[in-house]
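> Before we start, here is the structure in question, set down as structure tokens.
Here, each number is a calculation from the coordinates, and none is a lab measurement. Everything numeric here is computed off the predicted structure, so don't read it as measured data. Counting neighbours? That spans all protein chains shown, and the Cβs are built from the backbone with ideal geometry, glycine included.
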Amino acid sequence: MDEIEKMLLLQVADLHKIPEGAYNIRKDGAGEGRRSTANIEIAERSDGNPGIDIIVKPGTKRESVHIPVVITRSGLQDTVYNDFYIGEDADVLIIAGCGIHNCGKQQSEHSGVHTFHIGRNARVRYVEKHYGEGDGNGENVMNPTTQILMEEGAQMEMETTQIKGIDSTERVTRAELKAGATLVIREKIYTHGKQFAKTDFSVDLNGDGSSADVVSRSVAAQTSYQEFISRINGNGRCKGHTECDAIIMDAARVTAVPELSANNVDAELIHEAAIGKIAGEQLLKLMTLGLSEQEAEEQIIKGFLS
Amino acid sequence: MLELQNVCFSVKNGGEEKIILNDVSLKIGERFVAITGPNGSGKSTLAKLIAGILTPTSGKILFDGEDVTQLSVTERARRGISFAFQQPVRFKGITVKDLVSLAAGKKIGMNEACSYLSEVGLCARDYIDREVDASLSGGELKRIEIATILARGTRFSVFDEPEAGIDLWSFQNLIAVFEKMYRKVQGSILIISHQERILNIADKIVVIAGGRVDREGAREEVLPHILGSSACRALTDKMEEANGRD
């Protein structure tokens, strides 16, 4: 791997070198390295589509899987299908992410379609980071789709972050939860320039005692535009909470669209949305500590997205 | 030493000009100076003029001989003026340690951050990683606000009604913090307060009424005048009001 590829890996997966545990590294649309372990098998898909199946044995505890994607060839259009089968009672950390370095003039695009089948009482922490850079005029596009199918008592915590360099993104997340399943989603997005980011969450709380907590924090600067759609359908005795907290700057725009459907009298659903510029008194407080207005702004955004 | 020379401040309300401060001249060089006076007399405006949040309509503000009247909030802060807000500001995602580090103007170690929090009576380990957001109570925020002023360690610090909006229990602790600060201070502390216990530790007391300096002098001279006067009735009313809250 060259220095640019190593840097992208560091950005999206905090990896300095080949990771411990199971991993699959995809570079410019092809496999770059793979390792299965005794409890986690990574295999080529059987249906002929590009991508992998990740099979975690029941009862696997405290193991991790890294599946970073690195794209350095300008103009590459890469779609990949990854399916995760998490066995009952397993407890694993999955780190995905995509880094694009586009120094050409063409559009580079990565669409990852991830499907999680999470077994009874299994626990997954899923961390996904998207990062782009480049010195050409080529656009970096990422359209991740995540499907989450949760069995009884399953738990999933998903952290998704897009901080820099992605010109256009449409992120679709769909989840179905059976009884007692819990889903927590934390999204962080920063857009600038003319970037566009759309997030579309839809969660079906089908089982009694299921719950979902979907929180998005975002900053839109310059002339960028963000759209946040979050839909929760309460189909059983369940609890759902969705929150969009956005800071707008310059001539940026943000649209938040909540949609809650309670289809059961015992469904408790809450939506919160707040969009606005940085509060003047926050800037003033940091300025009384000796920061310039710009430094104050940077600190407030850094904290907000940390 | 901070000096106000003939400072006036007025706002336009509709077509009408409303005078908030009228020809205020003051010299503040003592270690601990308290400004008091009835509600609406212009005390908080005075504090904001010193910090640079507001600019006088006319008159001058000198800090160690330099005319700072037209300097920004940042420039005054960098010259050594600190300002503690009456209503401390909340931040999503910024931790107590981040805020204290920003105040200190450098990355500080855990020990140093903890020492400032201990000074204001907070158990550092419980607070250092907490966000300065709505999860903190008014009393906790007030103390963190004071910790940021301690971390700055500047020659001149202004506190705008530190007792406002906190419960009686927190107030007792707050007084102890100021009593301790008085013993340690290098430079001057200017505190806007209605509280007799704060006035009691001041070297000098300034009474502002109707936008003017009504009286100023050593504590021993001024305090007897305001105790028993109408200003004091406003003051004791305010105390009862503060004590009644919890």
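> Based on Cβ point charges of +1 for Lys and Arg and -1 for Asp and Glu, what charge dipole magnitude is obtained for segment A:167-280 about its Cα centre, in debye rounded to the nearest 20? Display every interim value, and only then the final one.
Working: 13 positive and 16 negative charges, 53 e Å.
Value, rounded to 20: 260 debye.
> From other protein chains only, count the Cβ atoms within 10 Å of every residue's Cβ in A:278-285, then give the mean.
Details: counts 1, 3, 1, 6, 5, 2, 9, 14.
That average works out to 5.
> Still on this structure, I have one more. For chain B, what is the calculated [θ] at 222 nm in deg cm²/dmol (nearest 500), taking -39500 (n - 2.57) for each run of four or more DSSP H residues and dividing by its residue count? The partial results should precede the final answer.
Details: 10 runs with 98 residues, N = 246.
It lands at -11500 deg cm²/dmol.
> Which value results when the Cα radius of gyration for the protein assembly as shown is divided by 2.2 N^0.38 Å?
Values: Rg = 29.1 Å, N = 552, 2.2 N^0.38 = 24.2 Å.
Dividing the Cα radius of gyration by 2.2 N^0.38 Å gives 1.20.
> Also, quick follow-up: Report, to the nearest 10°, how far helix B:168-184 tilts away from the longest principal axis of the Cα atoms in chain B, using its own Cα long axis and a range of 0 to 90°.
That works out to roughly 80 degrees.
> Counting only other chains, and only Cβ atoms inside 10 Å, what mean value do you get across the residues of B:72-80? Let's see the in-between values first.
Details: counts 3, 12, 12, 3, 3, 6, 5, 1, 1.
Per-residue shielding by partner chains comes out at 5.
> What residues of segment A:185-217 lie in the reach of a label at A:N263, counting those whose backbone N is under 11 Å from a point 7 Å from the Cα along Cα→Cβ?
A:204-207
> Same structure, new question: Along its principal axes, what span do the Cα atoms of chain A show, with the longest given first and each in whole Å?
56, 55, 33
> So, with +1 on the Cβ of K and R and -1 on the Cβ of D and E, and no other charges, what is the size of the charge dipole of segment B:2-244 about its Cα centre, to the nearest 20 debye?
540 debye
> Pick out, from A:T242, A:S108, A:T182, the residue whose Cα sits farthest towards the positive end of the charge dipole of chain A, with +1 on the Cβ of Lys and Arg and -1 on the Cβ of Asp and Glu.
In chain A, that residue is A:S108.
> Now for a different question. Taking the Cβ of A:A251 as the center, what net charge do the other residues with Cβ under 15 Å away carry, scoring Lys and Arg +1 and Asp and Glu -1?
So the environment of A:A251 carries a net charge of +2.
> Let me ask something additional. Place +1 on the Cβ of every Lys and Arg and -1 on the Cβ of every Asp and Glu in segment B:131-189, take the dipole about the Cα centre, and give the residue among B:Q172, B:A151, B:G139 whose Cα lies farthest towards its positive end.
The Cα lying farthest towards the positive end belongs to B:A151.
> Same structure, new question: Cβ neighbours within 10 Å, averaged per peptide: list B:3-16, A:78-91 in order, most packed at the top.
On the way: B:3-16: 13.7, A:78-91: 19.5.
Output ranking for B:3-16, A:78-91: A:78-91, B:3-16.
> In Å³ and rounded to a whole number, note down the convex hull volume per residue for the Cα atoms of segment A:167-280.
For segment A:167-280, the hull spanned by Cα atoms encloses 77 Å³ per residue.
> Of all beta bridges DSSP finds with both residues in the protein assembly as shown, what is the antiparallel percent, to the nearest 5? Could you put the intermediate results ahead of the total?
On the way: 33 of 185 bridges.
So the antiparallel bridges amount to about 20 percent of the total.
> Just tell me which lysines come within less than 21 Å, Cα to Cα, of A:K57; anything on the same chain fewer than 8 places away is out.
Candidates past the 8-residue exclusion: A:K178.
> Less than 15 Å Cβ to Cβ from B:V7, Lys/Arg counted +1 and Asp/Glu -1: what total charge do the surrounding residues give?
With Lys, Arg at +1 and Asp, Glu at -1, the neighbours total +2.
> Also: Quick check: Cα centre of segment B:112-159 to Cα centre of segment B:75-110, how many Å?
9 Å
> Further, regarding this structure: Grab the other residues whose beta carbon is less than 14 angstrom from that of A:R45, score K and R as +1, D and E as -1, and report the net.
On the way: positive: A:R26, A:R34; negative: A:E41, A:E44, A:D47, A:D53, A:D83.
That sum, taken over residues with Cβ under 14 Å, equals -3.
> Using 7 Å Cα-to-Cβ label points, what is the A:E3/B:R212 separation (nm, one decimal)?
7.2 nm
> Also, I was wondering about something else. Of B:I94, A:V56, A:G193, which is farthest towards the positive pole of the protein assembly as shown's charge dipole, taken about the Cα centre with +1 and -1 on the beta-carbons of Lys, Arg and Asp, Glu respectively?
Among B:I94, A:V56, A:G193, the one farthest towards the positive end of the dipole of the protein assembly as shown is B:I94.
> Have a look at segment A:1-150 and give its Rg and Dmax from the Cα atoms, expressed in angstrom.
Both quantities, over Cα of segment A:1-150: 15.2, 48 Å.
> What is the extension gain from A:E157 to A:Q77, computed as 0.36 nm multiplied by their sequence separation minus the C-alpha to C-alpha distance, in nm to one decimal? Write down the numbers at each step before the final one.
Values: separation 80, 0.36 × 80 = 28.80 nm, distance 2.91 nm.
The span from A:E157 to A:Q77 would gain 25.9 nm if fully extended.
> Could I ask something else about it? Give the calculated FRET efficiency between A:D89 and B:N22 to the nearest 0.05, with a Förster radius of 45 Å applied to their Cβ-Cβ distance.
Details: r = 75 Å, r/R0 = 1.68.
Once rounded, the FRET efficiency stands at 0.05.
> Would you work out the charge dipole size for the protein assembly as shown about its Cα centre, treating the Cβ of every Lys and Arg as +1 and the Cβ of every Asp and Glu as -1, and quote it to the nearest 20 debye?
Magnitude of the dipole: close to 1240 debye.
> How many nm is it between the label spots at A:Q222 and A:R174, if each spot is 7 Å from the Cα in line with the beta carbon?
If labels sit at A:Q222 and A:R174, their model points lie 3.4 nm apart.
> Given a Förster radius of 41 Å and the C-beta distance between B:E220 and A:Q294 as r, what FRET efficiency does 1/(1 + (r/R0)^6) yield to the nearest 0.05? If you can, show how the numbers build up before the last one.
Values: r = 48 Å, r/R0 = 1.17.
Approximately 0.30, to the nearest 0.05.
> If you don't mind, there's one more thing I want to ask. Would you mind estimating how fast chain B diffuses translationally, via Stokes-Einstein at 37 °C and 0.692 mPa s with the Kirkwood radius over Cα pairs, in µm²/s?
Working: Rh = 18.6 Å.
The estimated diffusion coefficient comes to 177 µm²/s.
> Among A:K164/B:K97; B:K60/B:K142; A:K6/A:K27, which pairs are too far apart, with a Cα-Cα distance over 23 Å?
Numbers: A:K164/B:K97 26 Å; B:K60/B:K142 30 Å; A:K6/A:K27 11 Å.
Violating the 23 Å Cα-Cα cut-off are A:K164/B:K97; B:K60/B:K142.
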